[in-house]
Amino acid sequence: MAKSTRKQSEPDFSRFEASLEELEKIVERMERGDQSLEESLKDFERGVTLTKDCQTMLKSAEQRVEKLVKEHGELKTEAFAEDYPGDESDDDS
């Protein structure tokens, strides 16, 4: 029962990474286009489930970050940079 309490209070980052990896594999299979319609639909449904799970875990992580960024007793949120160093140079080439 301790595990269920941990899952509610803290995101499981290894589960997030596993879900993301599975989602990437699904995308690769679907992009190849060699699946039957039934297989594609199953993959699509699984992908939607994985996406929702990942969004939930990310939201939980975001809430934890906001709690850590308190300043003088008031919540101070800061936007995360969407672009990472080196991204711009990749677009220009």
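The values are calculated or read from the model by the stated rules, or taken from the named source; none is laboratory data. From a predicted model like this one, the values you see are computed outputs, not experimental measurements. All Cβ positions, even for glycine, are placed from backbone atoms using ideal geometry, and neighbour counts span all protein chains on display.
Restricting the first member to the stretch 28-52 and to residues that are loosely packed, with under 14 Cβ neighbours inside 10 Å, and the second to residues that are among the aliphatic types (A, V, I, L, M), no beta-carbon pair is closer than 6 Å while six or more apart or on different chains. The criterion of at least 2 residues that are at pLDDT below 80 and of a type in the set (Ser, Thr, Tyr) is met by the following helices (runs of 4 or more DSSP H) wholly inside the chain: 2-9.
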